[in-house]
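See below for the structure under consideration.
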Amino acid sequence: MVPGGTLCRVPTRHHRIQVTEDPELTSALRTAAPHLPTGLPRSQQIRELAIVGAQSLASAPRGEPQRRELLASLAETFDDPASSGIDWDVLRESKQLAWPAR
């Protein structure tokens, strides 16, 4: 800001883009807000959201082989009931309470 409260535009050699704030973008910004620094202008919020989103996509598995590998890895955690992280007795009891035998 310059004296008088007007915005000071800083020249940049980088290209600028225009983004329409449609309902999906508004929702994404609302979801991201608790994870972004407070007080960021809308344009910087969008920049942060784009960068984090791209990093997330880059680290996400791609395609069916990776999905199957992740599912197989998840399934292996249930091979040993002791290390599955699930209390099977509580699960059995809750099932019996929810669906009693007739």
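Once amide H atoms are built 1.01 Å from N in the peptide plane, which residues 5 or more positions from Leu36, or in another chain, come under 5 Å H to H?
The list, which skips near neighbours in sequence, is empty: none.
R0 = 30 Å: FRET efficiency of His35 with Arg102, Cβ-based, nearest 0.05?
Computed FRET efficiency for His35 and Arg102 comes out at 0.05.
Rounded, prolate or oblate: pick one for the stretch 38-99, where a ≥ b ≥ c are the square roots of the eigenvalues of its C-alpha gyration tensor, a/c under 1.5 means rounded, and failing that, prolate if a/b is larger than b/c, else oblate.
It comes out oblate by the Cα gyration axes.
No lab work stands behind these numbers, since they all come straight from the coordinates. In this text the structure is predicted, and so the values were computed from the model without any measurement. Using ideal geometry, Cβ is built from the backbone for each residue, glycine included, and neighbour counts are taken over all protein chains shown.
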